[in-house]
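For reference, the structure discussed in these notes is given below.
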Amino acid sequence: MSATAPSAVGATDVILRDGSTLRLRAPVADDADALLEFFSGLSEHSRYLRFHGFPALGPKLFEPVLAPDWQERGALLGSLDGRTVAVANWVRLRDPRAAEVAFAVGDEFQRRGIGMRLLEQLAARAAEAGIEEFVAEVLHDNAAMLGVFRGAGFAITRAGEGGEVEVRFGIAPTDTYREHVAERDHAAVRASLAPFFQPHSVAVVGASARRGSIGGELFRNILTGDFAGSVYPVNRKGESVAGVHGYDAVGEIAESVDLAVICLPGELVLDAAEEALGAGVRALVVISAGFAETGSEGTERQERLLALVREHGARLLGPNCLGIASTAVRLNATFAPRSFPPGKIGFSSQSGALGLALLERAEATGLGVTSFVSVGNKADVSSNDLLEWWEDDDATEMVILYLESFGNPRAFSRIARRLARRKPILALKGGSTRAGSRAAGSHTAALAGSDVAVDALFRQAGVIRARTLDELIDVATLLSAQPVPRGRRVALVTNAGGLGILAADACETAGLELPQPGEGTRATLAQVMPREGSAANPIDLLGGANAESFEQALPPVLADPAFDAAIVLFVPTVGTDEEKVGAAISRAAATADDKPVLCVFVSAKGAPASLRSVANVPSFAYPEAAARALGRAAERGEWLRQPTGAVPELERDREEGRAVVRAALTAGGGWLDAEQTRRLLEAYRVPLVPERVAATEQEAVEASQELGFPAVLKTAAPGAHKTEQGGLALDLADAAAVLEAAERIGAPFLVQPFVRGGAELLAGAVQDPVFGPLVAFGPGGVLAELIGEAQFRLAPLTDLDAQELVQSGKAGRLVAGFRGARPADEGALVDLLVRLSLLVEELPEVVELDLNPVLALPDRCFAVDARVRVAEHGPAHRTKSW
């Protein structure tokens, strides 16, 4: 659809099952000699399988592969260590929807998953050229190629019983295919990261004997941390560091090195990296600054560094990072001032300094890490990769992320959604902004913004988003010690009435509920608390409460089915033994039957250690912190209890939709006219009010008579805000009223019947340059932006995502029937949102789409007004494919 050929994608990196990486690119004319050398280097058996015989080795063999146009033919070659190791290509057949595909992998590089990765990338590019099916003629005894086709995840058909087999398969990415790709990515990424988290040997390049230098201090950190493997200092003079024999190059070290940490000035890094990679190192940590964070020159240096790493099939952490720590092997390869406390949290930070600050706060509350990773500029290893590692790391029970940017939000969503089912993911996102919304042309775009997209991403993936560093630590403290609540009903038990009132306010703000205890609980409490106390919620044991008071009062409260959790609030009074009170609370919490118990212990001494004597009861300094953390934990519980949802298969005319967009782009793009808008939406079966386009005032009158009175008359000018521009007239009773309105508005016109009743809603979509298509739903009409409260989700929407949009926020109240109104047809609205999601997924050139208002009636819904803008879609190419 786009005028830009899919060729123009640059190099693409793929990851192989052994953890190595491979760079793929389109062959150019200068690759002729390399291709001849590659085919010449294949064994006779491999050439026979590839070419179904023993061809003469000459230009005719590889010329069809060179300089593909990506319309009639496409090709990719993979190179490693300066050698071509694999080639794949497709050629369009007479049936323009089909293409013949073939590939070859060098003998010594087979069985590493290269063929599968080539097929994935070829299929993606061929689909962009409009190809729907691959065909392959395969020799019957070519088990390797047949295995690639079977294992890729495409639904294949085979025909032929003789020496050749014809294999056919559609290349549209189905759910089954995506699952296969995700499984391959997961296994390969974990294999690639093992040298970072479980190295047997580490070299520190730039380790200086001088105290205070980054390389020298990082090397000493590894030594003093009692690293379980071998560590070697590498410096220009080969000097010893801290009594350890030094080397002037990694290649001089007799033992093979798993991980090299480079601490050199930026301009020296590439030479050092090349030497280490040449010596067989497959994992680099580049501490050095002077890369993309410094501007264009640094960006170019970073790209050359990554290309060098890919040339050797390796992985890179950084550059411009603090380093990595892994408690599994007691590795502290950072220049942090001290070692990291062991624990059960995997922590990644895009900011080294903030990461250290967070770890300081975490340690103060008893939290420790299985690993700490400073990703720096994220040239290669990213948070997505780390999530893949932590998913199968049994020691890691929780993940904390500090993020400033997303490289591949869709991959993040997919991986995080899978991981969050097993382990909590907490995130703090820095750098959110609404810049650019003022220039938006539609209600949907004006309501969107990067922070909205982040919220949608985290909500769908089950990531708990903290707004402050304090909140992040508080939620981590709670989830690391206590179970996730089954609901939002909280019991407050206190010895200070005022503190209980503050806690009640905080709970309401956090979306928690304070039900009253059951009658049996109240009767039991009356027997163990002072007569002047209160058995209502908050439950006030009064200032004289001691350890025995809490030990008697808490068990019946925790056993009450009216409550899902309890917050205990205590202010020490004269003569009260704080340690005994803490122990009593801890013992009671151990009987809580999987209900979380939190404590607010307001004491100058801090919370007593006895709170962790039996059950580990987290303590918070203020009621607001405890309530906020519990509210976040309740959100996780609700997410876990939801089904995963599925993307529905819906009937639509994709080719008609593509034709509308293609024609609009050929004419220069921009806002579609009324006819184009209707054709596009009808192609995706979006429900619309009946309408007619009229070029003259008389045609408008005739159209209104045809559709029936009362009528609505609008301007049909593309992209117009009709109300703001005076281009709308409602409830026109007769032909004279239509004519009068037409004279005022001016041609061209859009004529519709006037529909009374129903909730006015907004549904729309917008293409975010980073996150892709976002679908919006909220209150509609002329006050859509003023009322706000539109909710967003990332496409593709599952049926559950759409249902959440329809049921949540102010729009959800309208749908449910606000102030006595009849409830709207929720199913019809869910279907509408899923259709919009499908449209903007399949037609990314639709950059803004606004249905406002959508009238939601008890038995149906339909859009009364629609605006659509199209533009060439050219997302930034991601070299990294996983």
Please label the shape of region 495-534 as rounded, prolate or oblate, based on the square roots a ≥ b ≥ c of the eigenvalues of the alpha-carbon gyration tensor (a/c under 1.5 means rounded; beyond that, a/b larger than b/c means prolate, else oblate). oblate
Once each part is reduced to its C-alpha centroid, what is the distance from region 507-536 to region 317-358 in angstrom? 45
Order of 104-110, 809-815 by packing, highest average Cβ count within 10 Å first? 809-815, 104-110
Square roots of five times the C-alpha gyration tensor eigenvalues of region 1-97, ordered largest first and given in whole Å, equal 23, 19, 13
Net charge contributed by nearby residues that have their C-beta within less than 11 Å of GLU804 (K/R +1, D/E -1): -1
Compactness summary of region 659-806: radius of gyration and Dmax from Cα atoms, Å, are 17.1, 51
Out of all Cα-Cα pairs in region 457-606, roughly what percent, to the nearest whole number, are more than 27 Å apart? 20
Dipole in debye (nearest 20) - region 22-66, about Cα centre, beta carbon charges: Lys, Arg +1; Asp, Glu -1: 200
Listed residues GLY780, GLY162, PRO195: farthest to the positive end of the dipole of the chain (Cβ charges): PRO195
Net charge near ALA336: determine it from the other residues with C-beta under 13 Å of the C-beta of ALA336, scoring Lys and Arg +1 and Asp and Glu -1. -1
Quick one: dipole size for region 521-662, taken about the Cα centre, charges +1 on Lys/Arg Cβ and -1 on Asp/Glu Cβ, in debye to the nearest 20. 260
Can you give me the P(r) profile for region 786-843? Cα pairs, bins 10 angstrom wide beginning at 0, each as a whole percent. 24, 49, 24, 3
With the Cα gyration tensor of region 519-656 in hand, give its eigenvalues times 5 under a square root as the equivalent ellipsoid semi-axes, listed largest first in whole angstrom. 40, 18, 13
CD proxy, 222 nm, the chain: helix-only mean residue ellipticity via -39,500 (n - 2.57) per DSSP H run with n ≥ 4, per residue, nearest 500, stands at -11500 deg cm²/dmol
As a test of understanding, state the convex hull volume per residue of region 648-716 from its alpha carbons, in Å³. 115
Quick check: convex hull over the Cα atoms of region 28-147, volume per residue in Å³, rounded to an integer? 107
Shape metrics for region 83-233, restricted to C-alpha atoms - Rg then Dmax, Å: 23.1, 74
Give me the Debye-computed log₁₀ of I(q)/I(0) at q = 0.29, 0.32 Å⁻¹ for region 107-147, equal point scatterers on Cα only, no solvent, two decimals. -1.05, -1.10
To the nearest 20 debye, what charge dipole does the chain have about its Cα centre, counting +1 at the Cβ of each Lys and Arg and -1 at the Cβ of each Asp and Glu? 1420
Quick one: Debye curve from the alpha-carbon atoms of region 129-217 only, equal weights, vacuum; give me log10 I(q)/I(0) at q = 0.10, 0.16, 0.17, 0.21 Å⁻¹ to two decimals. -0.51, -0.78, -0.84, -1.04
Derived scalar couplings ³J(HN,Hα) [region 356-372; Karplus, 6.51 cos²θ - 1.76 cosθ + 1.60; whole Hz; x for Gly, Pro]: 5, 4, 5, 5, 4, 5, 5, 4, 5, 9, x, 8, x, 10, 7, 6, 10
Aspartates and glutamates near LYS580 by alpha-carbon distance under 12 Å, same-chain residues fewer than 8 away left out - which ones? GLU548, GLU551
Alpha-carbon Rg with Dmax, taken over the chain, Å: 32.0, 102
Could you sort 663-674, 622-633 so that the peptide with the highest average Cβ count within 10 Å comes first and the rest follow in order? 622-633, 663-674
So what's the gap between the Cα centers of region 668-686 and region 805-882, to the nearest angstrom? 15
What Kirkwood Rh does region 205-264 have if only Cα atoms enter the pairwise 1/r average? Answer in Å. 11.3
If the convex hull is drawn through the Cα atoms of region 378-431, its volume per residue in Å³: 73
Cut-off 10 Å between beta-carbons: net charge of the residues surrounding PHE38, Lys and Arg +1, Asp and Glu -1: -2
One quarter of the convex hull surface, Cα atoms only: what value does that give for region 229-306 in nm²? 5.3
Percentage, to the nearest whole number, of Cα pairs in region 724-882 over 27 Å apart: 33
Starting with the highest mean, order 400-407, 563-570 by the number of other Cβ atoms within 10 Å, averaged over the residues of each peptide. 563-570, 400-407
Kirkwood radius from Cα pairs of region 530-591 plugged into Stokes-Einstein at 20 °C, 1.002 mPa s, gives D in µm²/s equal to 177
Can you flag which of LYS429/LYS595; LYS423/LYS595; LYS378/LYS429 are past 23 Å Cα-Cα? LYS429/LYS595
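Read-outs throughout are calculated quantities, based only on the coordinates presented, and are distinct from any laboratory measurement. For clarity, every value in this text was computed on a predicted model and none was experimentally measured. Every residue, glycine among them, receives a Cβ derived from its backbone with ideal geometry; neighbour counts consider all protein chains shown.
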